[in-house]
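Worksheet for the structure shown next.
The values are calculated or read from the model by the stated rules, or taken from the named source; none is laboratory data. No experiment lies behind these values; they were computed from the predicted model shown. All Cβ positions, glycine included, derive from the backbone under ideal geometry; neighbour counts span all protein chains shown.
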Amino acid sequence: MGLRVAVVGSGPAGSSAAEVLVKAGIETYLFERKLDNAKPCGGAIPLCMVDEFDLPPEIIDRRVRKMRMISPSNVEVDINIEREDEYIGMCRREVLDGFLRDRAHKLGANLINGTVNKLEIPTGKNEPYTLHYFDHSNGLATGEPKSLQVDLVIGADGANSRVAKAIDAGDYNYAIAFQERIRLPDEYMEYYQDRAEMYVGNDVSTDFYAWVFPKYDHVAVGTGTMKVHQADIKKLQAGIRKRAARRLVGGEIIKVEAHPIPEHPRPRRVVGRVALVGDAAGTVTKSSGEGIYFAAKSARMCAETIVETSNNGATVPTEADLKLYLKRWDRKYAMTYKVLDIMQRVFYRSDASREAFVELCADLDVQKMTFDSYLYKTVVPINPLKQVKLTAKTVGSLLRGHALAP
């Protein structure tokens, strides 16, 4: 009998893992508790994801080529993508997630509309894992209790991962993202045709940023913070609504969403024959708070490692085999995470440093480096002369904003 794998959660991470596994002929079960689920998030995806994950044009609601950064004192800096073929993709999560899930299902993943409530860990070396779940295919919210035995489990079930708890993966700090979807009159929506906005300041987020991102027929207006008291997030959301008010005239709220977002990787991401990917593993970046691409990419790398080490499903991979995925992931992206972590600590610590950050964004070298690294997901090598110039500009901006004071 061949390898059997359960993938818990069918967001961009889970569906991307399932797709790789079924293409290799591995028996794959993809669990999703809510088939119409849409995680609240800005919904921005980098250009490289469109090609890499073969996304059709209709998945992208808007092609953003203008990014407006707004400082605490409302200084506005426009960052424009000059090349015609480059853009930041804006999508609705229900559309993107639905597309990736359907594709994995059509390719052969067994899609189970169910809530996994318990993962039974085997005692013997090659014994199966047992997933206990409530099957909702009968249309009832309570669901019918069922179980499934598999050789491997991929936890792609988000920040509140049940799989992570079952393997005692350890905790992580998390931020809260809060977002309102607002439908605007046509003349106001026109401004957001191909433009997104990022606002910084203590009034909109004490340690992150707030955003207005365009969607198909509305804008997503939201904020994120590590200070997770509900009163705080409501106050910060009121802050972004106030700062963006003149552009949101006549807007109608069509949806309100909130969700936890991990701030760093979990202490243990592979235990036994269970691997965590995406938000469950903690792959969100600091500074930009980006998670969609990295969730899908971590899951794909994990699934590719399973295909390779199991010889296309002929044998059962070990914990050491699964940990190979983590080694490859860290080798490829550890530096990206480190750089963004430092940026968050330097630039988001006070309004003075945020003013300096926005001033720095007016520099064309900074813009090019930022966009290249975002669109193509590499920490872009920069020639030594430009590096010195950039460092001088950064320090100069921070000094002018009195942001280097302890």
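Per the conditions (1) of a type in the set (Ser, Thr, Tyr); (2) more than 30 Å from Ile240 (Cβ to Cβ); (3) in contact with an Asp or Glu (Cβ under 7 Å, 6 or more places away or on another chain), the sole criterion not satisfied by Thr28 is (3). Residues that are more than 28 Å from Arg273 (Cβ to Cβ) and in contact with an Asp or Glu (Cβ under 7 Å, 6 or more places away or on another chain) were ranked within the stretch 151-181; the one that is modelled with the lowest pLDDT is Ala175.
For Leu248, the conditions (1) surrounded by fewer than 24 Cβ atoms within 10 Å (Cβ to Cβ); (2) of a type outside the set (S, T, N, Q); (3) at pLDDT below 95 are fulfilled apart from (3). Among the residues of this structure, Ile342 counts as one that is of a type in the set (A, V, I, L, M) and modelled with pLDDT under 85.
Matching residues to (1) closer than 16 Å to Ser161 by Cα; (2) buried (at least 18 other Cβ atoms within 10 Å of the Cβ):
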residue	(1), (2)
Pro265	yes, yes
Gly272	no, no
Ala281	yes, yes
Val284	yes, yes
Ala303	no, yes
Ile306	no, yes
Asn312	no, no
Thr318	no, no
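Does Asn37 count as in a loop (DSSP other than H, G, I, E, B), touching a residue at least 12 places away in the same chain (Cβ under 8 Å) and surrounded by fewer than 15 Cβ atoms within 10 Å (Cβ to Cβ)? Taking the combined requirement at face value, the residue does not satisfy it. The set of residues from the stretch 157-201 being buried (at least 19 other Cβ atoms within 10 Å of the Cβ), over 15 Å from Ala244 (Cβ atoms) and either without any contact (Cβ under 8 Å) to a residue 40 or more places away in the chain or of a type in the set (S, T, N, Q) (or both) comprises just one member, Ser161.
Checked against the criterion of being over 22 Å from Leu47 (Cα atoms), touching a Lys or Arg at 6+ places or on another chain (Cβ under 6 Å) and touching a residue at least 40 places away in the same chain (Cβ under 8 Å), the stretch 335-349 contains one or more residues that satisfy it.
When Lys234, Lys227 are screened for being out of contact with any Pro (no Cβ under 9 Å at 6 or more places or on another chain), outside any helix (DSSP H, G or I) and farther than 21 Å from Arg93 by Cβ, only Lys227 passes. Count of the stretch 319-344 residues, restricted to those that are closer than 30 Å to Asn126 by Cα and out of contact with any Ser or Thr (no Cβ under 8 Å at 6 or more places or on another chain), is 7.
Restricting attention to the stretch 162-175, the residues being under 15 Å from the mean Cα position of the chain (by Cα) and small (Gly, Ala, Ser) number 1. If I filter the stretch 17-51 down to residues being at pLDDT 95 or above and of a type in the set (D, E, K, R), which single residue comes out as nearest to His105 (Cα to Cα)? Taking the candidates together, the pick is Glu19.
Of the residues screened, Pro72 is one that is over 24 Å from the mean Cα position of the chain (by Cα), over 24 Å from Ser16 (Cβ atoms) and assigned by TED's automatic domain parsing to the domain that holds Arg247.
When Arg101 is tested against (1) out of contact with any Leu (no Cβ under 6 Å at 6 or more places or on another chain); (2) in contact (Cβ under 8 Å) with a residue 40 or more places away in the chain; (3) closer than 20 Å to Val221 by Cα, only condition (3) is not met. Consider Gly222 carefully, then state whether it is out of contact with any Ser or Thr (no Cβ under 6 Å at 6 or more places or on another chain) and buried (at least 24 other Cβ atoms within 10 Å of the Cβ). Answer is yes for this residue. Summed over the stretch 296-339, the residues that are modelled with pLDDT of 95 or more, outside any loop (DSSP other than H, G, I, E, B) and among the aliphatic types (A, V, I, L, M) give a count of 10.
Across the stretch 274-283, a minimum of one residue is classified as under 16 Å from Lys338 (Cα atoms) and either at pLDDT 95 or above or in a loop (DSSP other than H, G, I, E, B) (or both).
Scanning the stretch 121-129 turns up no residue that is of a type in the set (Val, Ile, Thr), surrounded by 14 or more Cβ atoms within 10 Å (Cβ to Cβ), farther than 30 Å from Val7 by Cβ and touching a residue at least 24 places away in the same chain (Cβ under 8 Å). Here the condition is being in the same structural domain as Lys215 (by TED's automatic domain parsing) and farther than 30 Å from Asp36 by Cα; of Ile79, Ile59, it holds for Ile79 alone.
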